[in-house]
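S.K.: The following block contains the structure, expressed as structure tokens.
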Amino acid sequence: MPRILVFAGSIRTGAYSGRTADAAQRELALQGAEVTRLSLADYPMPILDQDLEKESGIPENALKLARQFAAHDGLLIATPEYNGSIPPLLKNAIDWVSRVRQDGGHPFQPMTGKPVALCSSSAGRFAGIRCIAHLRTVLVRCRMDVITPECSVPSGSEAFTEMGELKDESLRRSMETVAAALIERARLLSTRIEP
Ligand SMILES: Cc1cc2nc3c(=O)[nH]c(=O)nc-3n(C[C@H](O)[C@H](O)[C@H](O)COP(=O)(O)O)c2cc1C
């Protein structure tokens, strides 16, 4: 079964995107994926500045995160929405990983062609749908293979049971669809025989 990396775009205690990532992680595992969960808190990086990049190169944590991308057949990102768009923690991590071109002197393209599924959540009724559209555009630009189904969770404070499950039946079905589509795409890619 494919190996899937799951993470949230927020490291806030009790983050709705963290709970959305938990729900995604459970659903992916239920459908047979081998899931790794990481927190961006474990990959602190400076704000991307090209002078810094020129002087010091790619930060070690960006390279480590890039290696995590490469070590999995697919990714699932659960993002919050800040001012209708991508929160800086997540955008900065993506920007740094997009700058990784080499590992140990060898060409390395951790994002190219990698299947990725997107979920969003917010405190309000719009569920982060403006952010998810921006994130999709950014990741396509980074040459990732962004799958079509997505799951957006509104009213984060009321959306989950005490057990962390999505209360809403239609959201649970959306999450099932996202997980199934990601597993299918990741499996296709991981079993492709190179000529
Ligand atoms: C700087 C900032 C901007 C925000 N902008 C939006 C927004 O555009 N749309 C929205 O639904 N919620 C917005 N929120 C509220 C977030 O949905 C809420 O803080 C949520 O809990 C953040 O995600 P998290 O729970 O995953 O950390 C904003 C919050 C912050 C801190």
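The values are calculated or read from the model by the stated rules, or taken from the named source; none is laboratory data. All figures in this text were calculated on a predicted structure; none of them were measured in a lab. Virtual Cβ from ideal backbone geometry, glycine too; neighbours counted across all protein chains shown. Keep in mind that these areas ignore ligands, DNA and RNA; they rest on the heavy atoms of the full protein, side chains included. Shrake-Rupley method; radii C 1.70, N 1.55, O 1.52, S 1.80 Å.
S.K.: Taking θ as phi - 60°, what are the ³J(HN,Hα) couplings along the range 56-64 by the Karplus curve (6.51, -1.76, 1.60), each to the nearest whole Hz, with x for Gly and Pro?
M.R.: Rounded to whole hertz, the list is 10, x, 6, x, 3, 5, 5, 5, 5.
S.K.: Another one. Any chance you could look up the accessible area of Met1 with a 1.4 Å probe, heavy atoms only, rounded to 10 Å²?
M.R.: 120
S.K.: List the GluC sites (Glu not before Pro) within the range 117-195 that fall in a DSSP loop (any state other than H, G, I, E or B) and whose Cβ has at most 13 other Cβ atoms within 10 Å.
M.R.: On the way: sites: Glu150, Glu158, Glu162, Glu165, Glu169, Glu176, Glu184; in loops: Glu158, Glu162, Glu165.
For GluC sites (Glu not before Pro) across the range 117-195 that sit outside H, G, I, E and B with at most 13 neighbouring Cβ atoms in 10 Å, the list reads Glu158, Glu162.
S.K.: Net charge within 11 Å of Glu34 by Cβ-Cβ distance, Lys/Arg positive one each and Asp/Glu negative one each, not counting Glu34 itself?
M.R.: For residues surrounding Glu34, the net value is 0.
S.K.: Oh, and also: For every other residue with a beta carbon closer than 10 angstrom to the beta carbon of Ala23, add +1 if it is Lys or Arg and -1 if Asp or Glu, then tell me the sum. Don't skip to the answer; put the middle values down first.
M.R.: Working: positive: Arg19, Arg26, Arg172; negative: Asp22, Glu27, Glu165.
So the surrounding residues net to 0.
S.K.: Can you give me the accessible area per residue for the range 3-190, using a 1.4 Å probe, in Å²?
M.R.: Numbers: 9350 Å² over 188 residues.
Averaged over the residues of the range 3-190, the accessible area is 50 Å².
S.K.: Leaving ligands and nucleic acids out of the surface, order Val138, Val116 by accessible area at 1.4 Å, largest first.
M.R.: Details: Val138 35, Val116 0 Å².
Of Val138, Val116, the descending order of accessible area is Val138, Val116.
S.K.: Give me the orientation-averaged projected area of the Cα convex hull of the chain, in nm², one decimal. Don't jump to the answer; show the numbers that get you there.
M.R.: Values: hull surface 44.6 nm².
Mean orientational projected area (the chain, Cα hull): 11.1 nm².
S.K.: Taking amide hydrogens as modeled 1.01 Å from N in the peptide plane, which residues meet the under 5 Å criterion relative to Ser152, leaving out close sequence neighbours?
M.R.: Residues meeting the criterion, in which the H sits 1.01 Å from N, are Ser120.
S.K.: Can you tell me the orientation of helix 129-141 relative to the chain, as the angle in degrees between its alpha-carbon axis and the longest Cα principal axis, to the nearest 10?
M.R.: Between helix and principal axis, roughly 30 degrees.
S.K.: Taking 0.36 nm per intervening residue step and subtracting the Cα-Cα distance, what contour gain separates Phe126 from Gln109 on full extension?
M.R.: On the way: separation 17, 0.36 × 17 = 6.12 nm, distance 3.40 nm.
Once the chain is fully extended between Phe126 and Gln109, it gains 2.7 nm.
S.K.: For the pair Gln102/Ser85, report the inter-label distance in nm, with labels modelled 7 Å from Cα in the Cβ direction.
M.R.: Once both label points are built, they end up 3.2 nm from each other.
S.K.: Determine the dipole magnitude for the range 3-190: charges of +1 sit on the beta-carbon of Lys and Arg, -1 on that of Asp and Glu, nothing else is charged, the reference point is the Cα centre, and the result goes in debye to the nearest 20.
M.R.: On the way: 22 positive and 22 negative charges, 66 e Å.
Its charge dipole is roughly 320 debye.
S.K.: Moving on. Give me, ordered by chain and number, the residues 5 or more places off Gly9 or on other chains with an amide H under 5 Å from its own placed amide H.
M.R.: Placed amide hydrogens put Ala78, Thr79 under 5 Å from Gly9.
S.K.: Sticking with this one: With a 1.4 Å probe and all protein chains kept in place, how do Lys114, Lys64 rank by accessible area, largest first? Don't jump to the answer; show the numbers that get you there.
M.R.: Values: Lys114 30, Lys64 95 Å².
Descending order: Lys64, Lys114.
S.K.: Can you give the angle from 0 to 90° between the axis of helix 16-30 and the longest principal axis of the chain, with both taken from C-alpha atoms, to the nearest 10?
M.R.: 90
S.K.: So which trypsin sites (Lys or Arg not before Pro) in the range 142-182 are both in a DSSP loop and have at most 15 other Cβ atoms within 10 Å of their Cβ? Before the final figure, lay out the partial values.
M.R.: On the way: sites: Arg143, Lys167, Arg172, Arg173; in loops: Arg143, Lys167.
Taking the range 142-182 and a limit of 15 other Cβ atoms within 10 Å, the loop trypsin sites (Lys or Arg not before Pro) found are Arg143, Lys167.
S.K.: In whole angstrom, note down how far apart the Cα centers of the range 1-65 and the range 136-156 are.
M.R.: Cα centres, the range 1-65 to the range 136-156: 15 Å.
S.K.: Just by accessible area at a 1.4 angstrom probe, what is the order of Tyr43, Tyr82 from largest to smallest?
M.R.: Accessible-area ranking of Tyr43, Tyr82, largest first: Tyr82, Tyr43.
S.K.: Report the antiparallel proportion of the DSSP beta bridges in the chain as a percent, rounded to a multiple of 5.
M.R.: On the way: 4 of 25 bridges.
Just about 15 percent of them are antiparallel.
S.K.: On to the next question. Please compute the net charge surrounding Pro154, taking Lys and Arg as +1 and Asp and Glu as -1 over other residues with Cβ under 15 Å from its Cβ.
M.R.: Numbers: positive: Arg19, Arg125, Arg130, Lys167, Arg172; negative: Glu81, Glu150, Glu158, Asp168, Glu169.
With Lys, Arg at +1 and Asp, Glu at -1, the net is 0.
S.K.: Give me the number: length gained by fully extending Ala29 to Arg141, i.e. 0.36 nm times residue separation minus the C-alpha to C-alpha distance, one decimal in nm. Write down the numbers at each step before the final one.
M.R.: Numbers: separation 112, 0.36 × 112 = 40.32 nm, distance 2.88 nm.
Extra length available between Ala29 and Arg141 comes to 37.4 nm.
S.K.: Now a separate question. Given the Cα-Cα distance of Asp42 and Ala180 and 0.36 nm per residue of separation, how much length would full extension add, in nm?
M.R.: Numbers: separation 138, 0.36 × 138 = 49.68 nm, distance 2.81 nm.
Extra length from Asp42 to Ala180 when fully extended: 46.9 nm.
S.K.: Something else: Answer with one residue from Ser121, Gln68, Ala159: the one whose Cα lies farthest towards the positive end of the charge dipole of the range 58-171, charges on Cβ with Lys, Arg +1 and Asp, Glu -1.
M.R.: Result: Gln68.
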